[in-house]
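Only the coordinates and a few stated rules stand behind these numbers; no lab work does. Given the structure is predicted, the values throughout are model-derived calculations rather than measurements. Virtual Cβ from ideal backbone geometry, glycine too; neighbours counted across all protein chains shown.
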Amino acid sequence: MPTDQDPIHTSSGSAPARPQSPADLFLTFTVLALQGFGGVLAVAQRELVDRKQWLTREEFIESYSLAQLLPGPNVVNLSLMLGDRFFGLRGALSALAGMLTMPLVIVIVLAAFYNQFAGHAAIAGALRGMGAVSAGLMIAMACRLLPTLRANPMGPLWCALFAGLAIALVAVLHLPLLWVVPMLGVAGWCVARIAIAAEERNR
Amino acid sequence: MSEAFVLADLPEFFLRFLTLSLLSIGGAMATAPEMHRYLVREQGWLDESGFTTAVALAQAAPGPNVLFVPVLGYQVAGLVGAAAALVGILLPSTLLSLAVSRWGSRRRDTPAVRAFTSGLAPMTIGLLFVAGWVLALPFVREPDHRLGGIGLIALTIAVMLKTRLGPIWLILAGGLVGALGAV
């Protein structure tokens, strides 16, 4: 693991590394799912983009934009797409199995023994501590993905507008994602489509 | 009002989750109210606390939050219920996601698909900030946990932005600090 390298390197173009086999995918997704207390997404970004470099930040955002638009759990869709991209259906299923198998076993065992540990103060405290860390992981991930917008054809003003609107509509007005995502998605698509057409005319 | 779950209910139970799968835009949690209506109010297979426990357990345990669905299934009908609920909630959305992402990556360089990826990126990043904010909110709201919680969140952000440390070390440290009562 290189530690002397600048961690905030700007990655563009294609990713420098790839998984060696579907088994590699299965193991990697198992490891990252098991670190996902309070959400797997931030851990996935850290492991797949920053550390393993199987994906650039741009590719991560692209895949996640699509994953959240489709029905199904976002991180599950994301793991399917990434697995599929490297090894086709086998890869998709390996990544999916890695994401779900061990956590499923753990959560079912917890459900079976729930009454014996519920209400234990140290356990509640530990969960709270891990919850705070997962909030920090999420915010840090959003910060690290922010520079990918620099290359966006819509330009900084539109980008700020759409990001700001998403934050305002969901965090302040509490509108359901089911409305916000299609609404801003269609508007964003139109603006980007016009920007790309203008870009191509100027070329 | 309610009868106990019998094996003959399984096909209908499975079918219900298959349908919910295609409605779960934004994640399986989006369909939680509908599952609550079906399992608790309509069929009476689960009580309120059973439902809440399933959601809380899945959030506390490692892994994707969709795992509250097999826990609901487990509470209704044991391991068979867990399997039916999980396969049901994932199968249709999985097939659709694979089909759409393959379609999209074949046309990755066309203006329409490029407009999709660049047009949605700012919103996606905005929503990630919101997700972080929602996770941080319990610590901001509760005076008892505010200082330790916000401190831990800030420390996590700093470490993530400045180093290449794996997240597991921070999660373990957070768990330890929390178990000692400091958060």
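For this structure, a couple of remarks:
- Where chymotrypsin sites (Phe, Trp or Tyr not before Pro) fall in DSSP loop in segment A:91-141, at most 15 other Cβ within 10 Å: A:Phe113
- In terms of its C-alpha gyration tensor, segment A:152-203 has an oblate overall shape, because the principal axis ratio a/c (a ≥ b ≥ c, square roots of the eigenvalues) is not below 1.5 and a/b does not outweigh b/c.
- Computed over segment B:1-106, the P(r) tail beyond 16 angstrom holds 57 percent of alpha carbon pairs.
- Our note on the geometry: Cα centres of segment B:156-183 and segment B:36-110, 29 Å apart.
- For the protein assembly as shown, size of Cβ-based charge dipole, Lys and Arg +1, Asp and Glu -1, in debye: 1020 debye
- Using the Stokes-Einstein relation with a Kirkwood hydrodynamic radius computed over Cα pairs, the translational diffusion coefficient of segment A:92-154 at 4 °C and a viscosity of 1.567 mPa s comes to 84 µm²/s.
- Volume of the Cα convex hull of the protein assembly as shown, divided per residue and given in Å³: 143 Å³
- Distance (nanometres) between label positions extended 7 Å along Cα→Cβ at B:Val87 and B:Leu10: 0.9 nm
- For B:Ile25, the amide hydrogen comes within under 5 Å of the amide hydrogens of A:Gly72, counting only partners 5 or more places away or on other chains and with H modelled in the peptide plane.
- Area projected by the alpha carbon convex hull of chain B, averaged over all directions, nm²: 14.1 nm²
- Of the trypsin sites (Lys or Arg not before Pro) found in segment B:61-117, the ones in coil according to DSSP and having at most 15 other Cβ atoms within 10 Å of their Cβ are B:Arg107, B:Arg108.
- Between the listed residues A:Thr148, A:Ala95, A:Val109, the Cα displaced farthest toward the positive end of the dipole of segment A:48-203, a dipole computed from Cβ unit charges relative to the Cα centre, is found at A:Thr148.
- Within the listed set A:Asn74, A:Asn152, A:Asn115, the residue fluctuating most in the Gaussian network model of chain A (springs between alpha-carbon atoms under 10 angstrom) is A:Asn115.
- Charge-dipole axis of the protein assembly as shown as Lys and Arg at +1 and Asp and Glu at -1 on Cβ define it, positive-most pick from B:Gly88, B:Asn65, B:Ile157: B:Ile157
- Per-residue Karplus couplings for segment A:164-177, computed as 6.51 cos²θ - 1.76 cosθ + 1.60 with θ equal to phi - 60°, are listed in order as x, 4, 4, 5, 5, 5, 8, 7, 9, 8, 6, 6, x, 4 Hz, Gly and Pro entered as x.
- Unit charges on C-beta of K, R, D, E only; dipole of segment B:1-106, Debye: 540 debye
- Under a model in which nothing but the beta-carbon of Lys, Arg (+1) and Asp, Glu (-1) is charged, segment B:74-160 shows a dipole of about 460 debye around its Cα centre.
- Residue-wise HN-Hα couplings along segment B:150-155, as the Karplus relation 6.51 cos²θ - 1.76 cosθ + 1.60 with θ = phi - 60° gives them from phi, are 5, x, 5, 4, 5, 4 Hz; Gly and Pro carry x.
- Charge tally around A:Arg85: other residues with Cβ under 15 Å, Lys/Arg +1 each, Asp/Glu -1 each, net +2.
- Exposure proxy ranking, count of Cβ atoms within 10 Å, fewest first, for B:Leu147, B:Leu152, B:Leu72: B:Leu147, B:Leu152, B:Leu72
- Principal semi-axes in Å for chain A [√(5λ), Cα gyration tensor, largest first]: 32, 23, 17
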